[in-house]
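Asker: Please read through the structure below; I'll follow up with questions.
The values are calculated or read from the model by the stated rules, or taken from the named source; none is laboratory data. Keep in mind that what you see is a predicted model, and the values were worked out from it rather than measured. All Cβ positions, even for glycine, are placed from backbone atoms using ideal geometry, and neighbour counts span all protein chains on display.
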Amino acid sequence: MFSRQKYVTPLELYEAALNACQTLYVANGGSRHDTWKVRPYPETAAISCSTYGTVKNWLLFMPAFDPNTLLPRWKAELIAAYTVHELLHTLWTDFDAVKQSTIAGIHSLVNALEDNRIEYRAIKGDLVNVSEASQLLQMLNAYIWDRDSKKPGFDLANPNSFAFALNLVIFHERHKYVSNFPKDWRKRVRQDMLPMFDLALAEFGKLKSTADCLALAKRLQAMASALPQQPQQPQTDRPQQGRPCPKCE
Ligand SMILES: [Zn+2]
């Protein structure tokens, strides 16, 4: 997907990401009339879509770097992984359902499920022309766990981290991604939330659309609000945690 050079500049990287998206989007059924732009963004990647008539205008946000930096190869691969992940959102995420999830206050939870759903499709072969997709997505998952689990105060048992924890649990249990995510996660999460993890794992294979993710998230939200003490909102938004989300405009 990207050149094999040892070091690359951010501009080369953004250009490669944009070209990859445009080409792979059309190769995977996206309209060639839709437009693409890339823009730097603090710390992470994201994707947004604005629609004019039948044309979708995609805005791909990539982590911002000083333009004169030379980025090592592993970082270029990480950007490639982010790019593949965002591409999956453009192909398979229903942005109207994302909007509804924001209105319902469960955006993070829906996005956690949606990230699992779209990556599962990709690694099972629904994404064409990206032979290294599963390798890149697995690397991204391992990187995110290593980065976010080291943040001060991080605790898998914190109900406010439920969406993030659930996202990682499904990657671990269903996608079988290799990472440092603890195999004994069941002992580390809040025990009265275990039935919520189990419901999501049991239902995961049935998720065929973003709307399905929204429906499952509502069931999980109802279970969370029936728990003895709080948490009212286990899905509390944490923009710097986990995978990048689709942005609504
Ligand atoms: Zn995502």
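Asker: If you go through the stretch 7-58, how many residues are closer than 17 Å to residue 84 by Cα, small (Gly, Ala, Ser) and modelled with pLDDT of 95 or more?
Answerer: So the count comes out to 3.
Asker: Part of a helix (DSSP H, G or I) and over 15 Å from the mean Cα position of the chain (by Cα): is that true of residue 146 in this structure?
Answerer: In short, yes.
Asker: For the stretch 72-98, name all the residues that are more than 15 Å from the ligand (Cβ to nearest atom) and either surrounded by fewer than 17 Cβ atoms within 10 Å (Cβ to Cβ) or among the hydroxyl-bearing types (Ser, Thr, Tyr) (or both).
Answerer: Hits for the stretch 72-98 are 72, 73, 74, 96.
Asker: From the list 27, 20, 64, which one is touching a helix residue (DSSP H, G or I) at 6+ places or on another chain (Cβ under 9 Å), aliphatic (A, V, I, L, M) and surrounded by fewer than 17 Cβ atoms within 10 Å (Cβ to Cβ)?
Answerer: Going through 27, 20, 64 in turn, the sole match is 64.
Asker: Going through the stretch 38-51 one residue at a time, which ones are away from the ligand (no atom under 16 Å from the Cβ) and either surrounded by 12 or more Cβ atoms within 10 Å (Cβ to Cβ) or more than 20 Å from the chain's Cα centre (by Cα) (or both)?
Answerer: The answer is 38, 39, 40, 50, 51.
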